[in-house]
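K.L.:
Before we start, here is the structure in question, set down as structure tokens.
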Amino acid sequence: MQEADFDVGAEIAALTAGHARAGAVASFVGLVRDSDHAAEHGGSGEDHGTPATINAMTLEHYPGMTEQALEDIVSEARQRWNLLDVTVIHRVGRLLPGERIVLVAVASAHRGEAFAACEFVMDYLKTRAPFWKKEETPQGGRWVDAREADDQAASRWSQA
């Protein structure tokens, strides 16, 4: 958890340092969009399908609880796959469109495990970590609701 931006290359270099067995690194970087994704895809956007402009997003969390949730998610990923190391960085505070929000990076001996674990961590982070997002739009601020698509993505791991 941090307010400061991060250097993806430096984080991946640190992730693999000392892991000569690493044959794969899978990573995901989430960015702040400049429009409401739900509205773009016919969801619950305020303008009935017209994307709403996002000027900024503020991310809040519950200190202590959020870090524990992230540790639990990484621990579960380590139990499911043979991983060498995992890095999760999530920013909080006010962010502008185009800025990085989150990095999930996974190192393993083989690409299949790295891809699966990276996707698992991101899916669970979206649904199990206590974050609150508030978008600033020209019409004012609004809290972002949980998305059904995120729940569906995470639910597939309970079947795996």
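Derivation of every value follows stated rules applied to the coordinates shown; laboratory data play no part. Quick caveat: nothing in here was measured; it's all calculated off a predicted structure. Cβ coordinates were reconstructed from backbone atoms using ideal geometry, including for glycine residues, and neighbour counts include every protein chain displayed.
K.L.:
Note the full-extension length gain between Glu136 and Glu60 as 0.36 nm times their separation in residues minus their Cα-Cα distance, in nm to one decimal.
P.N.:
Gain in length upon complete extension: 26.0 nm.
K.L.:
Determine by what factor the alpha-carbon radius of gyration of the range 104-150 differs from 2.2 N^0.38 Å, reporting the quotient. Could you put the intermediate results ahead of the total?
P.N.:
On the way: Rg = 15.2 Å, N = 47, 2.2 N^0.38 = 9.5 Å.
It is 1.60.
K.L.:
For the chain, what does the helix formula give at 222 nm: sum of -39500 (n - 2.57) over DSSP H segments with n ≥ 4, over the residue count, nearest 500 deg cm²/dmol?
P.N.:
-11500 deg cm²/dmol
K.L.:
If you don't mind, another one. Report the relative contact order of the chain, percent, no decimals, based on alpha-carbon pairs under 8 angstrom and at least 6 residues apart.
P.N.:
Relative contact order comes out at 31 percent.
K.L.:
Under the Kirkwood approximation for Rh and a Cα-based Rg, what ratio Rg/Rh is obtained for the chain?
P.N.:
Taking Rg over the Kirkwood Rh, I get 0.99.
K.L.:
To continue, here is another question. If r is the Cβ-Cβ distance from Ala17 to Glu76 and R0 is 25 Å, what FRET efficiency results, to the nearest 0.05?
P.N.:
With R0 = 25 Å, the Cβ-Cβ based efficiency is 0.55.
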